[in-house]
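Read the structure below first, then the notes.
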């Protein structure tokens with residue numbers, strides 16, 4: 001079994017068959033993660049570089065764990081800032097990677113399209129670990145995996161993504177992946193934090209949690225970046241929490257239990273109340289575990305097809 | 001220079017002439033227009049085989065990058081690119097280093113144009129509206145005009161301050177030169193690198209809302225009502241609503257003109273999907289509907305001019321992350337072919353109208369004398385084949401820079417050469 005593409009640049013355009021293959025493969029790796037010995041050999045002899053141009057702790061650690069558990073050799077490269085501030089251009093970095101005979105590249109970059117650029121200039125498989133406001137495909141996959149494990153099937157379930165959709169690559173990857181799998185997707189947040197023509201991506205737009213909560217199966221609550229309150233896009237975190245905060249009080253009014261997700265890190269009692277984040281319907285830590293499994297699946301499927 | 005153009009299809013909007021005829025040029029002056037002209041023994045005979053001879057094209061919006069950015073383009077390489085594209089004249093924007101905000105720089109550019117290709121291509125500087133193009137103090141417009149500036153613009157940046165724009169319109173009106181606005185409300189476009197819409201949302205690239213252009217044009221036209229003698233020209237117009245604002249202002253008989261670039265009547269924001277930085281320009285590529293509006297406005301005369309916004313950047317400058325790449329593409333050598341394919345073939349413009357928008361209209365706007373094609377007039381001609389099919393190859397571009405999104409595109413219509421200032425240059 002192999003994926004249609006040599007790279008994972010985003011979930012837009014990835015077929016239902018490929019998404020299913022990744023999620024099924026992730027499920028078997030999830031079993032591996034429950035064993036006392038968590039290491040398996042499929043990527044032995046492969047070298048993977050984690051190129052992080054934007055700071056990240058959990059995504060990088062999750063990838064690194066996944067790589068090591070597949071027995072790959074791992075090197076980390078962290079640099080902040082774009083080519084403009086850094087001196088070396090992305091193209092030169094790519095050429096260096098090529099010269100060092102690296103098999104796979106995991107890249108996080110503040111500029112949308114940087115993984116695409118890289119995929120055009122290196123022979124290695126490229127995995128997007130988050131590019132600008134574009135996509136974060138492995139986050140989308142781990143969210144889908146978590147929902148699938150909990151609800152059995154994604155077909156027909158209603159997932160609402162809540163918060164700053166405008167600045168969220170997680171939202172975009174979730175929308176593409178979930179829609180391909182047949183889920184019903186909506187978004188809810190302040191109108192100033194909605195990207196232009198978001199409804200063209202096949203989602204319904206809500207500006208009141210009260211309107212969407214009665215019909216949802218899951219809420220995927222996005223982190224609100226604290227510095228955004230000075231951007232002129234919304235007045236204050238207090239007001240945000242009052243009108244868009246996902247709280248137990250709001251969720252308890254729903255006719256059925258709602259699965260609570262969050263890509264982390266959480267701002268407790270800003271976008272989500274602490275009791276809900278720690279509550280019985282929260283799957284936030286399962287998401288973290290599934291993140292490793294899903295990344296193992298992607299690395300395995302791309303890395304063993306060469 | 002003695003030349004006889006045999007069997008040229010002479011198309012001259014000034015006289016509405018369109019006929020196949022011979023043109024004899026002696027010492028750079030049109031000596032005779034007629035049939036079966038017998039050439040003098042020393043004359044160069046160019047068998048046009050029905051290819052077109054028209055008044056020389058002028059591109060009123062180019063960036064020649066000199067002084068200051070000679071690694072991208074020089075006046076000489078820019079003039080060669082212009083000649084190759086069929087332009088006998090260019091107006092170059094003042095965003096050089098130093099900016100053309102002072103008569104010595106204006107004079108340098110104008111003189112360097114005369115040295116490049118021995119004056120084959122006329123180079124007319126556009127002076128800055130404000131000192132250093134910073135939008136704070138008026139540049140010495142009268143001195144710039146005296147040194148050869150044919151218009152004023154802070155292009156690359158807008159004249160954002162309304163009070164400054166009012167002053168610029170009133171002051172420039174005293175000597176009849178246009179103010180050319182790069183229409184963009186800067187408080188709305190910070191960080192933007194493509195048209196704001198469905199595609200920017202899909203690609204996760206920061207958007208530039210069309211209203212940022214439209215509101216600036218609307219504001220300027222309101223100012224223009226209070227400066228009735230001023231002349232206002234909108235550079236690189238790109239949205240349907242912008243065109244509608246200009247259309248209405250023209251109905252009011254305000255002195256408003258505008259130009260469109262070939263890329264804005266050819267490509268849409270969907271071209272950005274591959275993150276090719278040669279699709280990054282300002283204003284950005286817009287929607288299918290906007291492209292349609294550009295064509296309609298060219299047809300109904302709302303858009304007066306086709307100008308390229310020729311903006312050379314090196315490969316290293318462009319081969320970076322999309323958000324980090326500079327705006328702009330080269331355009332001089334693909335303009336005619338794109339106009340033929342997108343405008344003339346589908347019937348939006350006749351050849352006569354196309355030539356007006358590449359020659360007479362821009363010349364009138366920047367106050368240059370009309371080109372006459374008659375016996376006794378200095379020959380200023382563009383020669384082109386309207387039906388030759390060719391494939392754009394960036395390696396073959398004469399510009400120093402190769403940043404074009406049209407590599408590999410098949411165009412119809414290509415310049416054969418130009419005649420100007422007693423010189424002839426025929427393309428290979």
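The values are calculated or read from the model by the stated rules, or taken from the named source; none is laboratory data. As the structure is a computational prediction, the values presented were derived from the model and not from experiment. All Cβ positions, glycine included, derive from the backbone under ideal geometry; neighbour counts span all protein chains shown.
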Margin query: Considering only the range B:251-263, I want to know if a residue exists there that is buried (at least 21 other Cβ atoms within 10 Å of the Cβ), under 18 Å from the mean Cα position of the chain (by Cα), assigned to a loop (DSSP other than H, G, I, E, B) and more than 14 Å from chain A (Cβ to nearest Cβ).
Written below: yes
Checklist line | Residue that is nearest to the other protein chains (Cβ to nearest Cβ) [pool: residues in the range B:183-201 that are outside any loop (DSSP other than H, G, I, E, B) and surrounded by fewer than 22 Cβ atoms within 10 Å (Cβ to Cβ)] | finding: B:198
Notebook entry, point to check: Out of all the residues in the range A:62-70, is one or more at pLDDT 95 or above, assigned to a helix (DSSP H, G or I), within 20 Å of the chain's Cα centre (by Cα) and within 14 Å of chain B (Cβ to nearest Cβ)?
Noted result: no
Next item on the list: Report whether or not residue A:60 is out of contact with any helix residue (DSSP H, G or I) (no Cβ under 8 Å at 6 or more places or on another chain), in contact (Cβ under 8 Å) with a residue 40 or more places away in the chain and under 18 Å from residue A:143 (Cα atoms).
Entry: yes
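Residues are listed down the side, and each one gets a yes or a no for (1) within 17 Å of the chain's Cα centre (by Cα); (2) part of a loop (DSSP other than H, G, I, E, B):
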position	(1), (2)
B:328	yes, yes
B:331	yes, yes
B:339	yes, no
B:367	yes, yes
B:372	no, yes
B:375	no, yes
B:405	no, yes
B:413	no, no
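One line per residue, one yes/no per condition, for (1) in a strand (DSSP E or B); (2) touching a residue at least 12 places away in the same chain (Cβ under 8 Å); (3) farther than 18 Å from residue A:262 by Cβ:
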residue: A:112; (1), (2), (3): no, yes, yes
residue: A:120; (1), (2), (3): no, no, yes
residue: A:126; (1), (2), (3): yes, yes, yes
residue: A:130; (1), (2), (3): yes, yes, no
residue: A:133; (1), (2), (3): no, yes, yes
residue: A:141; (1), (2), (3): no, yes, no
residue: A:150; (1), (2), (3): no, yes, no
Notebook entry, point to check: Within the range A:251-298, which residues are in contact with a strand residue (DSSP E or B) (Cβ under 7 Å, 6 or more places away or on another chain), assigned to a helix (DSSP H, G or I) and under 23 Å from residue A:21 (Cα atoms)?
Noted result: A:287, A:298
Next item on the list: Exactly one condition in (1) at pLDDT 95 or above; (2) surrounded by fewer than 19 Cβ atoms within 10 Å (Cβ to Cβ); (3) away from chain B (no Cβ under 14 Å); (4) part of a loop (DSSP other than H, G, I, E, B) is not met by residue A:235; state its number.
Entry: (1)
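Applying the selection to the range B:291-321, what residues are part of a helix (DSSP H, G or I), crowded, with 24+ Cβ neighbours inside 10 Å and either within 14 Å of chain A (Cβ to nearest Cβ) or out of contact with any strand residue (DSSP E or B) (no Cβ under 6 Å at 6 or more places or on another chain) (or both)? So that I can check it myself, show each step before the final result.
We begin by selecting, within the range B:291-321, every residue part of a helix (DSSP H, G or I); these are B:291-300, B:315-318.
Cutting the leftovers down to crowded, with 24+ Cβ neighbours inside 10 Å gives us B:293-294, B:298.
Of everything in the range B:291-321, those that are part of a helix (DSSP H, G or I), crowded, with 24+ Cβ neighbours inside 10 Å and either within 14 Å of chain A (Cβ to nearest Cβ) or out of contact with any strand residue (DSSP E or B) (no Cβ under 6 Å at 6 or more places or on another chain) (or both) turn out to be B:293, B:298.
When the residues of the range A:171-198 are narrowed to those that are within 11 Å of chain B (Cβ to nearest Cβ) and in contact (Cβ under 8 Å) with a residue 12 or more places away in the chain, which ends up surrounded by the most Cβ atoms within 10 Å (Cβ to Cβ)?
Here is the first cut: in the range A:171-198, the ones within 11 Å of chain B (Cβ to nearest Cβ) are A:171-173, A:175-176, A:194-198.
After this cut, where a residue has to be in contact (Cβ under 8 Å) with a residue 12 or more places away in the chain as well, the list is A:171-173, A:175-176, A:194-195, A:198.
Details: A:171: 32, A:172: 28, A:173: 28, A:175: 28, A:176: 23, A:194: 20, A:195: 23, A:198: 21.
Per the criteria, the residue is A:171.
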Checklist line | Qualifying position, being within 27 Å of residue B:310 (Cβ to Cβ) and touching a helix residue (DSSP H, G or I) at 6+ places or on another chain (Cβ under 7 Å), among B:188, B:216 | finding: B:188
Notebook entry, point to check: How about the range A:204-217: which of its residues are buried (at least 20 other Cβ atoms within 10 Å of the Cβ), in contact with a helix residue (DSSP H, G or I) (Cβ under 6 Å, 6 or more places away or on another chain) and not in a helix (DSSP H, G or I)?
Noted result: none
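Yes/no per residue for (1) under 21 Å from residue A:176 (Cβ atoms); (2) more than 14 Å from chain B (Cβ to nearest Cβ); (3) surrounded by 14 or more Cβ atoms within 10 Å (Cβ to Cβ):
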position: A:4; (1), (2), (3): yes, yes, no
position: A:25; (1), (2), (3): yes, yes, yes
position: A:41; (1), (2), (3): no, yes, no
position: A:51; (1), (2), (3): no, no, yes
position: A:59; (1), (2), (3): yes, yes, yes
position: A:94; (1), (2), (3): no, no, yes
Checklist line | residue B:157, sole failed condition from (1) over 30 Å from residue A:168 (Cβ atoms); (2) in a helix (DSSP H, G or I); (3) in contact with a helix residue (DSSP H, G or I) (Cβ under 9 Å, 6 or more places away or on another chain) | finding: (2)
Margin query: Please pick out the residue among A:162, A:122, A:126 that is more than 28 Å from residue A:303 (Cβ to Cβ) and either buried (at least 24 other Cβ atoms within 10 Å of the Cβ) or within 14 Å of another protein chain (Cβ to nearest Cβ) (or both).
Written below: A:162
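Quick grid of which residues meet (1) crowded, with 17+ Cβ neighbours inside 10 Å; (2) modelled with pLDDT of 95 or more:
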| position | (1), (2) |
| --- | --- |
| A:243 | no, yes |
| A:253 | no, no |
| A:263 | yes, yes |
| A:276 | yes, yes |
| A:282 | yes, yes |
| A:295 | yes, yes |
| A:304 | no, no |
Check: Can you list the strands (runs of 3 or more DSSP E) found entirely within the range B:1-69 that contain at least 1 residues being over 29 Å from the mean Cα position of the chain (by Cα) and over 30 Å from residue B:304 (Cα atoms)?
Finding: B:3-12, B:17-26, B:29-34, B:44-47
Item checked: Residue ID - farthest from the other protein chains (Cβ to nearest Cβ), chosen from residues in the range B:205-225 that are within 30 Å of residue A:116 (Cβ to Cβ) and surrounded by 23 or more Cβ atoms within 10 Å (Cβ to Cβ) -> B:213
Margin query: Yes or no: the range B:90-113 includes at least one residue that is part of a loop (DSSP other than H, G, I, E, B) and closer than 16 Å to residue B:335 by Cα.
Written below: no
